[in-house]
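*Asks:* Below you'll find the structure I mean.
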Amino acid sequence: MFEQDNNYDLGFLERQDHSVEEMLLDSDVNSVHGVLESGERRGPQVRFFTIAVFVGLFILVGRLFSLQIGQGDEFSLAAEGNRLRTLQKFAPRGLITDRNGEILARNIPSFELVAIPFDLPKEAEDRTKLFNDAAGILNMTVEEIEKKVASADVRAIEPVTIKQSLNQEEALKLEGIVQTNTGLEVQSIPIREYLNGPAFSHLLGFTGKLNQDEWQEKFDEGYFFNDQIGKTGVELVYEDSLRGQHGGTEVEVDANGKIIKRIREIQPTTGNDLKLTIDAGLQTVIYNSLQQMLAQRPSSSGAAAVATNPRTGEVLALVSLPSFDNNLFARGIKTEEYSAILNDKSKPMLNRPIAGAYPPGSTIKPLVAGAALEEGVITTKTKINDEGLVRVGNFTYYGWNRAGLGLMDVVSAIAWSSDPFFYIVGGGHESYSINGLGVDRLEKYMRNFNLGKLTGINLPGEEPGFVPSRTWKKDRFAGTDEQNWYLGNTYHLAIGQGYLLVTPLQLNSYIAGIANDGSIMKPVITEKEEKGEISNSGVSLDNLKIVQRGMREVILSGTSKTLQDLPISVAGKTGTAQFDNSGDLSRTHAWYTAYAPFEDPEIVITVLVENGGEGSSTSVPVVKEALKWWSENRRSD
């Protein structure tokens with residue numbers, strides 16, 4: 001502590017021509033006895049000098065004792081009062097744009113009131129008055145402010161947020177309090193603004209305040225205590241790139257928190273911009289169309305849509321409904337707002353395209369057709385009479401058209417979505433001398449098309465779906481009659497029912513594999529991601545061409561003729577999937593998936609409406625509107 005006394009001069013020791021140093025360090029006179037003996041021989045001058053040294057040392061020791069003991073508390077308080085602080089300057093995050101440079105997320109200035117516990121008045125009366133003055137402006141109670149401050153250590157110098165998103169009037173009034181009191185500050189912090197937030201919320205995610213655990217984990221990376229961080233979606237995945245490097249002004253403050261001098265200043269650095277593969281125009285068209293569709297079907301609980309480029313895997317749209325406004329989280333969501341979202345039975349925060357798993361229904365039939373052709377179970381000449389049902393012993397398996405569709409080959413069976421045709425192709429039937437693919441080969445090709453696996457999209461929360469197997473069923477239902485895999489299980493699997501579950505993204509990816517001649521590409525959402533194949537269908541090009549022709553006939557002569565008047569050629573497939581065992585046949589998910597142009601595909605779009613009835617009446621109109629917009633605004637010449 002004595003180092004703080006700048007008035008005490010120790011220089012005399014350095015001005016003695018090194019005599020003290022020589023006496024203590026010289027090997028020939030390395031003891032007190034030697035010094036005295038030498039002094040006696042040299043006379044009175046040496047004795048006088050020796051006495052002077054001892055007197056000086058005595059004075060020095062006395063002064064040290066005074067500084068350390070007598071004035072120690074005084075200097076301790078001074079050291080505590082004059083402290084170094086950093087006035088925080090928050091760096092803006094990088095912009096997020098779509099593939100065409102349209103801004104999806106940007107930064108806006110925001111004011112918030114923070115408290116620095118260490119600087120708050122120590123007297124309870126002064127502290128209460130300060131909080132009372134602030135509470136009147138913030139429309140808060142003193143107790144609410146005290147509760148927020150109490151969450152931090154009273155010795156902490158890190159700011160504790162009292163209230164976010166202050167308006168300009170509140171900020172100006174609070175500045176008056178801050179200038180006359182200590183412990184409270186009005187900070188200017190850039191926060192996220194999401195343009196058309198609900199349409200992109202599941203994709204972009206949102207930012208929010210660091211919690212205590214996150215701050216302790218991120219402290220060494222330069223995060224401030226009341227910092228913002230990506231919580232979900234793109235904001236979370238690309239946090240390291242999007243966040244900037246904070247700056248600040250290092251100052252010395254006195255015991256009252258007033259700035260004595262500025263020491264240095266570091267300017268903040270804005271984060272890196274991020275360009276997505278998303279087409280904002282297409283995303284908005286699909287979102288609005290699905291909203292209108294759900295408004296017409298109050299029984300439906302939600303919907304999802306995915307659009308991709310089959311050649312590259314680039315995701316052009318990713319829509320989930322119901323949605324939420326991610327701006328609520330960025331500005332600091334209120335408790336009642338958060339509770340409303342969490343308690344909503346329709347699960348608005350569920351990212352349905354990647355985390356919702358559903359039976360695919362008839363959308364699985366192109367895959368089954370490709371597998372059956374590849375395995376030689378059928379050829380293009382194979383014909384099966386769709387009588388509206390298939391009987392096996394005492395069991396009857398019905399088709400969607402109880403009157404029957406007549407004689408079907410593989411192309412017409414895809415076009416008209418013949419259930420009896422695919423029952424027999426999947427599980428076999430002695431009347432047609434067809435053994436069927438069987439569960440093992442069905443499982444093989446479903447996994448070839450990357451079903452039952454993660455696609456690897458760079459977003460949190462993806463689910464793998466589920467492809468059942470003989471082994472799985474045996475383990476799952478061990479000790480019961482259900483442990484055996486029955487022919488009926490195979491029949492259901494072949495038409496996309498039973499235990500099979502897929503996400504909308506997986507289904508889109510598998511259809512993109514058909515459009516892309518068997519190569520299934522990894523879905524990517526940013527231009528910087530490496531593109532590449534994640535799976536191959538294992539179906540030959542010749543057989544895939546037959547499947548493609550069947551999907552084209554869906555529009556030309558089958559279940560989706562309403563798409564014929566589009567300005568581009570389209571191939572597609574409907575799907576109507578039962579999702580419970582209540583016996584109510586109207587409880588079905590409505591699917592539609594399509595790609596275009598048929599001759600050289602550039603876009604694959606998949607739409608699911610939960611409890612949406614028939615895919616042809618519910619999902620097809622949404623796909624049609626999206627493809628019409630895309631063909632008029634984005635199609636390559």
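*Asks:* Any idea which of (1) farther than 20 Å from Tyr358 by Cβ; (2) assigned to a loop (DSSP other than H, G, I, E, B) is the one Gly461 doesn't satisfy?
*Replies:* Evaluating Gly461 over (1) farther than 20 Å from Tyr358 by Cβ; (2) assigned to a loop (DSSP other than H, G, I, E, B) leaves (1) as the failure.
*Asks:* Here's a follow-up. Looking at (1) buried (at least 19 other Cβ atoms within 10 Å of the Cβ); (2) in contact with a helix residue (DSSP H, G or I) (Cβ under 8 Å, 6 or more places away or on another chain), can you tell me which one Asp409 breaks?
*Replies:* All conditions are met except number (2).
*Asks:* Separate question: Any residue that is modelled with pLDDT of 95 or more, touching a Ser or Thr at 6+ places or on another chain (Cβ under 8 Å) and within 30 Å of Lys231 (Cβ to Cβ) - is there at least one of those in region 394-405?
*Replies:* no
*Asks:* Failed condition for Asn272, given (1) buried (at least 18 other Cβ atoms within 10 Å of the Cβ); (2) modelled with pLDDT of 95 or more, with all others met?
*Replies:* The failed condition is (1).
*Asks:* Filter region 395-439 down to residues that are touching a residue at least 12 places away in the same chain (Cβ under 8 Å) and of a type in the set (Val, Ile, Thr) and give me whichever is farthest from Val368 (Cα to Cα).
*Replies:* That would be Ile434.
*Asks:* Considering only region 136-148, I want to know if a residue exists there that is more than 31 Å from the chain's Cα centre (by Cα) and crowded, with 19+ Cβ neighbours inside 10 Å.
*Replies:* yes
*Asks:* What number of residues within region 508-532 are surrounded by fewer than 24 Cβ atoms within 10 Å (Cβ to Cβ), within 26 Å of the chain's Cα centre (by Cα) and within 21 Å of Glu599 (Cα to Cα)?
*Replies:* 1
*Asks:* Next up: Would you mind telling me which numbered condition in (1) touching a helix residue (DSSP H, G or I) at 6+ places or on another chain (Cβ under 6 Å); (2) without any contact (Cβ under 8 Å) to a residue 60 or more places away in the chain; (3) exposed (fewer than 13 other Cβ atoms within 10 Å of the Cβ) Asp254 fails?
*Replies:* In the conditions (1) touching a helix residue (DSSP H, G or I) at 6+ places or on another chain (Cβ under 6 Å); (2) without any contact (Cβ under 8 Å) to a residue 60 or more places away in the chain; (3) exposed (fewer than 13 other Cβ atoms within 10 Å of the Cβ), Asp254 misses (2) alone.
*Asks:* Scan region 363-373 and give yes if some residue there is over 14 Å from Phe422 (Cβ atoms) and in the same structural domain as Tyr432 (by TED's automatic domain parsing), otherwise no. It would help to see each step written out before you state the result.
*Replies:* Kept after step one, since they are over 14 Å from Phe422 (Cβ atoms), are these residues of region 363-373: none.
Scanning region 363-373, I find no residue that is over 14 Å from Phe422 (Cβ atoms) and in the same structural domain as Tyr432 (by TED's automatic domain parsing), so the answer is no.
*Asks:* Additional query: On the basis of being over 31 Å from the mean Cα position of the chain (by Cα) and of a type in the set (D, E, K, R), does Lys624 make the cut?
*Replies:* Details: over 31 Å from the mean Cα position of the chain (by Cα): no; of a type in the set (D, E, K, R): yes.
Criteria not met by Lys624.
*Asks:* State which residue pairs qualify: first residue free of Cβ contacts under 8 Å to residues at least 40 places away in the same chain and inside region 202-217, second residue of a type outside the set (Ser, Thr, Tyr) in any location, beta carbons under 6 Å apart, and separation of 6 or more residues or different chains.
*Replies:* Between residues of region 202-217 that are free of Cβ contacts under 8 Å to residues at least 40 places away in the same chain and residues that are of a type outside the set (Ser, Thr, Tyr), the close pairs are Leu210/Asp227; Leu210/Ile229; Trp215/Phe225.
*Asks:* Go through (1) free of Cβ contacts under 8 Å to residues at least 60 places away in the same chain; (2) polar (S, T, N, Q); (3) under 25 Å from Ala512 (Cβ atoms) one by one and return the number of the condition Gln296 breaks.
*Replies:* Condition (3) is where Gln296 drops out.
*Asks:* If you don't mind, another one. Sort out which residues of region 486-507 are in contact with a strand residue (DSSP E or B) (Cβ under 8 Å, 6 or more places away or on another chain), outside any helix (DSSP H, G or I) and either crowded, with 19+ Cβ neighbours inside 10 Å or touching a residue at least 60 places away in the same chain (Cβ under 8 Å) (or both), and write them in order of number. Outline the logic, then answer.
*Replies:* Narrowing region 486-507 to residues in contact with a strand residue (DSSP E or B) (Cβ under 8 Å, 6 or more places away or on another chain): 487-488, 491, 496-497, 499-505, 507.
Pick out the ones that are also outside any helix (DSSP H, G or I) and you get 496-497, 499-503.
Answer for region 486-507, where residues must be in contact with a strand residue (DSSP E or B) (Cβ under 8 Å, 6 or more places away or on another chain), outside any helix (DSSP H, G or I) and either crowded, with 19+ Cβ neighbours inside 10 Å or touching a residue at least 60 places away in the same chain (Cβ under 8 Å) (or both): Gly496, Gln497, Leu500, Leu501, Val502, Thr503.
*Asks:* Of the residues Ile162, Ile189, which is buried (at least 19 other Cβ atoms within 10 Å of the Cβ), within 22 Å of Ile333 (Cβ to Cβ) and touching a Lys or Arg at 6+ places or on another chain (Cβ under 6 Å)? Quick ask: steps written out before the conclusion?
*Replies:* Numbers: Ile189 fails: touching a Lys or Arg at 6+ places or on another chain (Cβ under 6 Å).
Ile162 is the lone residue from the list that is buried (at least 19 other Cβ atoms within 10 Å of the Cβ), within 22 Å of Ile333 (Cβ to Cβ) and touching a Lys or Arg at 6+ places or on another chain (Cβ under 6 Å).
*Asks:* Among the residues of region 87-111, what is the count of those that are more than 30 Å from Lys275 (Cβ to Cβ) and either assigned to a loop (DSSP other than H, G, I, E, B) or in contact with a Leu (Cβ under 6 Å, 6 or more places away or on another chain) (or both)?
*Replies:* Going through region 87-111, the residues more than 30 Å from Lys275 (Cβ to Cβ) turn out to be 87, 111.
Within this subset, residues satisfying the condition of being either assigned to a loop (DSSP other than H, G, I, E, B) or in contact with a Leu (Cβ under 6 Å, 6 or more places away or on another chain) (or both) are 111.
Of the residues in that region, 1 qualify.
*Asks:* Please work out if Ala512 is among the small types (Gly, Ala, Ser) and touching a residue at least 60 places away in the same chain (Cβ under 8 Å). Lay out the reasoning, then the answer.
*Replies:* Working: among the small types (Gly, Ala, Ser): yes; touching a residue at least 60 places away in the same chain (Cβ under 8 Å): yes.
Yes: the conditions hold for Ala512.
*Asks:* Give region 275-285 a look and list any residue that's surrounded by fewer than 20 Cβ atoms within 10 Å (Cβ to Cβ) and touching a Lys or Arg at 6+ places or on another chain (Cβ under 9 Å), or say none. Outline the logic, then answer.
*Replies:* As a first pass, look at region 275-285 and keep what is surrounded by fewer than 20 Cβ atoms within 10 Å (Cβ to Cβ): 275, 281, 284.
Those that are surrounded by fewer than 20 Cβ atoms within 10 Å (Cβ to Cβ) and touching a Lys or Arg at 6+ places or on another chain (Cβ under 9 Å): Lys275, Gly281.
*Asks:* Six or more apart or on different chains, Cβ atoms under 7 Å: show the pairs whose first residue is in region 472-485 and over 19 Å from Gly438 (Cβ atoms) and in contact (Cβ under 8 Å) with a residue 40 or more places away in the chain and whose second is not β-branched (Val, Ile, Thr) and not in a helix (DSSP H, G or I).
*Replies:* Listed pairs, sorted by first residue: none to list.
*Asks:* Of the residues Thr335, Thr308, which single one is in the same structural domain as Trp629 (by TED's automatic domain parsing) and farther than 30 Å from Lys163 by Cα?
*Replies:* On the way: Thr335 fails: farther than 30 Å from Lys163 by Cα.
Selected residue: Thr308, the only one of Thr335, Thr308 that is in the same structural domain as Trp629 (by TED's automatic domain parsing) and farther than 30 Å from Lys163 by Cα.
The values are calculated or read from the model by the stated rules, or taken from the named source; none is laboratory data. Note that this is a predicted model, so its numbers are computed, not measured. A quick note on method: Cβ atoms are made from the backbone with ideal geometry, for glycine too, and the neighbour counts reach across all protein chains shown.
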